[in-house]
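Q: Provided herewith is a single structure, encoded as structure tokens, for subsequent inquiry.
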Amino acid sequence: MLKLLRFLFGYVVFSAKGSFPERFMNLSSKYGISFFDVEKKGKVLYCSVVASEYKSLRTIAKKSYTKIKIKEKHGLPFIIKKYKNRKGLFIGVICFFAILYFLSLYVWSIDIVGCNEINSEDIKSLLSDMGVSLGTFKKEVDVNMLEKTVMNSFDNISWLSINIKGTNLSVELKERIKPPEIVPKDKPCNVRAASDGQIIRMEVYNGNAEVNNGDAVVKGQLLINGIVEDSFGCNSIKHADAKVFALTKHELRQEVDLIQTEDLETGKRVIRKRLKAFGVDLPLTIVPIPKGNYKRDINIGEIKVFNKTLPITHYREEWREYEKAKKTLTNDQAIKMAHDILNNRIESELKEIKILREEKNERVKDGKAIVDITYYCEENIAVQEELDVKE
Amino acid sequence: MFRKKKDKCHNSVRREKLHDIVSDLQLPAGALPNCTHFEMNGNREVMIEGSRGILQYDENIIRLNMGKMIASFCGRNLSIKCLTQDSLIIEGFIKSIEFIT
């Protein structure tokens with residue numbers, strides 16, 4: 001702090017030579033002039049004093065028969081004096097701070113944190129519809145109103161907070177986990193079969209079982225009845241609930257043509273570059289969009305400083321020309337391709353189903369490789385169906 | 001000449017009376033006017049308040065006028081860190097302090 005003050009006011013390091021420099025020091029302190037960093041090297045005294053007080057030291061030096069000489073000058077007043085004639089420099093410094101202040105009044109980056117299922121671009125587009133985008137005046141941003149609007153627009157946001165830190169607008173949100181749709185336990189319902197199969201075991205929690213183990217059932221058949229008759233012959237309507245495991249059969253077929261059309265690159269490429277700064281597009285290359293069979297790859301380069309994205313984005317578009325070429329697959333290659341496609345289908349279609357065994361049938365017919373797979377599975381086929389009861 | 005002697009005598013009587021009052025009231029000795037005050041940080045730094053001037057300034061000895069007495073600070077690499085109207089800070093390796101009254 002003291003050093004900063006000394007720098008701001010400026011200070012002088014001077015030497016004092018004389019027969020009795022102590023007298024010079026005493027007189028100076030008597031006149032209220034303070035010294036610091038006083039050192040004596042041989043017969044010469046080296047002192048530092050605030051720049052504005054140095055002039056008054058001359059008369060004291062004369063009185064005490066001491067010769068004083070400036071050795072070093074430090075501090076802001078001397079720097080200003082040095083560059084006094086270079087007005088452009090001062091104007092530049094003032095302009096720098098003015099521009100810095102002016103730019104700090106606007107939003108230059110938008111960060112969205114916590115998006116898993118929600119697309120952050122959707123939130124950005126909503127914000128821009130509300131008039132908040134890169135280059136918006138910070139004072140015009142009504143954070144509370146924005147929070148309410150975004151919360152109302154997206155059903156699956158449980159918590160949201162919008163803060164403006166410096167020139168960065170950060171949106172922090174937490175997505176809501178949707179509960180599974182279940183028939184309310186107080187509502188009466190039946191349990192029906194979701195697919196054809198043969199029942200192997202049942203876990204009935206509520207309701208009257210209409211089928212037995214070993215029975216073959218078809219899709220939509222009533223498995224557990226919600227209307228239960230007691231020993232007195234009275235009927236009561238209940239919320240039927242059960243797990244019914246059955247052996248089921250799933251048949252999947254995949255056909256692959258032996259003659260495939262492929263996109264082959266010709267090697268011809270067109271590169272277009274542009275810079276998006278402060279919401280304005282600036283083309284860096286004067287190349288039009290190529291016509292014909294071209295595929296585009298975009299490489300977006302964001303400039304980051306201290307982990308903060310600057311409002312300057314570099315786009316590099318690479319347009320590659322391609323032509324369609326025919327390729328003939330061997331039988332094995334075509335069957336392998338069909339199997340690969342089938343494996344992907346199993347992951348999506350037979351998810352959460354236990355596969356017991358499978359039967360494969362592979363053949364090549366009429367220029368096509370056909371793979372038929374029959375899966376024998378064990379799965380819960382119970383599906384609750386609400387009962388429409390009228391009083 | 002006679003008047004000066006009388007004034008000096010009068011001043012010393014007044015100071016003694018003041019000293020008595022301060023000791024009776026159990027006030028710290030620093031409460032007395034024109035009292036010198038020393039504050040030491042180990043043997044590396046000493047802050048002196050109430051100094052009336054520097055008599056000798058050297059690397060090995062600094063002698064100060066304290067009014068009624070002369071204080072000598074002996075040591076190595078002694079220097080004055082800061083000097084104001086009524087106080088100063090001495091820096092260096094202080095070996096001994098001597099008072100001459």
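Q: Using the scaling law 2.2 N^0.38 Å as the reference, what is the normalised Cα Rg of the stretch B:36-101?
A: Against the compact-globule rule of thumb, the ratio is 0.96.
Q: Among B:His37, B:Tyr57, B:Ile80, whose Cα projects farthest towards the positive end of the dipole of the stretch B:36-101, with charges put on the beta-carbon of Lys, Arg (+1) and Asp, Glu (-1)?
A: With unit charges placed on the Cβ atoms, the residue in question is B:Tyr57.
Q: Still on this structure, I have one more. Given H placed 1.01 Å from N in the peptide plane, which residues other than close sequence neighbours of A:Tyr11 have an amide H under 5 Å from its amide H?
A: The list, which skips near neighbours in sequence, is A:Ala51, A:His74, A:Gly75.
Q: Pop the C-beta distance of A:Ser195 and A:Lys326 into the FRET formula with R0 = 35 Å and round what comes out to the nearest 0.05. Could you put the intermediate results ahead of the total?
A: Working: r = 41 Å, r/R0 = 1.16.
Efficiency for this residue pair is about 0.30.
Q: Right, another one. In units of 2.2 N^0.38 Å, what is the alpha-carbon radius of gyration of the stretch A:1-85?
A: That ratio works out to 1.11.
Q: Full extension from A:Lys81 to A:Glu302: what is 0.36 nm times the residue separation minus their Cα-Cα distance, to one decimal in nm?
A: 75.3 nm
Q: Let me ask something additional. Which net charge results when you count Lys and Arg as +1 and Asp and Glu as -1 among the other residues whose beta-carbon is under 14 Å from that of A:Arg253?
A: Net charge in that neighbourhood comes out at -1.
Q: In addition: In debye, nearest 20, what is the charge dipole magnitude of chain A about its Cα centre with +1 on Lys and Arg Cβ and -1 on Asp and Glu Cβ, if you could check? The partial results should precede the final answer.
A: Numbers: 64 positive and 54 negative charges, 1346 e Å.
Around 6460 debye, computed over chain A.
Q: A follow-up question, please. Any idea what % of Cα-Cα pairs in the stretch A:47-162 are farther than 19 Å?
A: Within the stretch A:47-162, distances greater than 19 Å cover 68 percent of Cα pairs.
Q: Also, I was wondering about something else. Quick one: which of A:Lys55/A:Lys81; A:Lys238/A:Lys354; A:Lys174/A:Lys308; A:Lys81/A:Lys308; A:Lys3/A:Lys55; A:Lys138/A:Lys174 span more than 27 angstrom between C-alpha atoms? Kindly include the intermediate steps, with their values, before the conclusion.
A: On the way: A:Lys55/A:Lys81 17 Å; A:Lys238/A:Lys354 30 Å; A:Lys174/A:Lys308 21 Å; A:Lys81/A:Lys308 38 Å; A:Lys3/A:Lys55 22 Å; A:Lys138/A:Lys174 24 Å.
Those over the limit are A:Lys238/A:Lys354; A:Lys81/A:Lys308.
Q: Add +1 for every Lys or Arg and -1 for every Asp or Glu among the other residues with Cβ under 12 Å from the Cβ of A:Asp263, and state the total.
A: Neighbourhood net charge equals +1.
Q: Starting from the eigenvalues of the Cα gyration tensor, five times each then square-rooted, give me the equivalent ellipsoid semi-axes of the stretch A:259-327, largest first, whole Å.
A: 33, 14, 7
Q: Now for a different question. Straight distance only, please: which aspartates and glutamates reach the Cα of A:Lys69 with their own Cα at less than 20 Å, same-chain residues fewer than 8 apart left out?
A: Straight-distance partners of A:Lys69: A:Glu22, A:Asp37, A:Glu39, A:Glu53.
Q: Got a sec? How would B:Phe99, A:Phe7, A:Phe35 order by Cβ neighbour count within 10 Å, fewest to most?
A: B:Phe99, A:Phe7, A:Phe35
Q: Identify the residues of the stretch A:243-273 with backbone N under 18 Å of a label point that sits 7 angstrom from the Cα of A:Ile353 along the Cα-to-Cβ direction, or state none.
A: A:244-255
Q: Looking at the square roots a ≥ b ≥ c of the eigenvalues of the Cα gyration tensor of the stretch A:272-383, which shape do they give, rounded for a/c under 1.5, prolate if a/b is larger than b/c, or oblate?
A: Because a/c hits 1.5 or more and a/b fails to exceed b/c, the stretch A:272-383 counts as oblate.
Q: Next question, about the same structure. Take the Cβ-Cβ distance between B:Glu39 and A:Thr149 as r, set R0 to 60 Å, and report the resulting FRET efficiency rounded to the nearest 0.05. Intermediate results must be reported in sequence, preceding the final value.
A: Details: r = 64 Å, r/R0 = 1.07.
The calculated FRET efficiency here is 0.40.
Q: Give me A:Tyr101, A:Tyr322 sorted ascending by neighbouring Cβ count inside 10 Å, so fewest comes first. Walk me through the intermediate numbers first.
A: Numbers: A:Tyr101 9, A:Tyr322 16.
Neighbour counts put them in this order, fewest first: A:Tyr101, A:Tyr322.
Q: Which order do B:Glu49, A:Glu117 fall in if you start with the one that has the fewest other Cβ atoms within 10 Å?
A: Taking fewest neighbouring Cβ atoms as first place, the list is A:Glu117, B:Glu49.
Q: For the protein assembly as shown, what does the equivalent ellipsoid look like in terms of its semi-axes, each the square root of 5 times an eigenvalue of the Cα gyration tensor, given largest first in whole Å?
A: 95, 40, 24
Q: Calculated from DSSP H runs of 4 or more alone, at -39500 (n - 2.57) each and per residue, what is the 222 nm mean residue ellipticity of the protein assembly as shown, nearest 500?
A: Mean residue ellipticity, 222 nm, calculated: -7500 deg cm²/dmol.
Q: Here is a follow-up. Using only the alpha-carbon atoms, how far is helix A:331-349 inclined from the longest principal axis of chain A? Give it as 0 to 90 degrees, nearest 10.
A: Relative to chain A, helix A:331-349 is tipped by roughly 80 degrees.
Q: If you don't mind, there's one more thing I want to ask. If you take the beta carbon distance between B:Ile21 and A:Tyr31 as r and set R0 to 22 Å, what does 1/(1 + (r/R0)^6) give as a FRET efficiency, to the nearest 0.05? Working shown, then result.
A: On the way: r = 34 Å, r/R0 = 1.57.
The computed FRET efficiency comes out at 0.05.
Just so you know, all these numbers are worked out from the coordinates, no wet-lab data involved. Everything quoted here is computed from the prediction, not taken from an experiment. Reconstructed Cβ throughout: ideal geometry from the backbone, glycine too, with neighbour counts over all protein chains shown.
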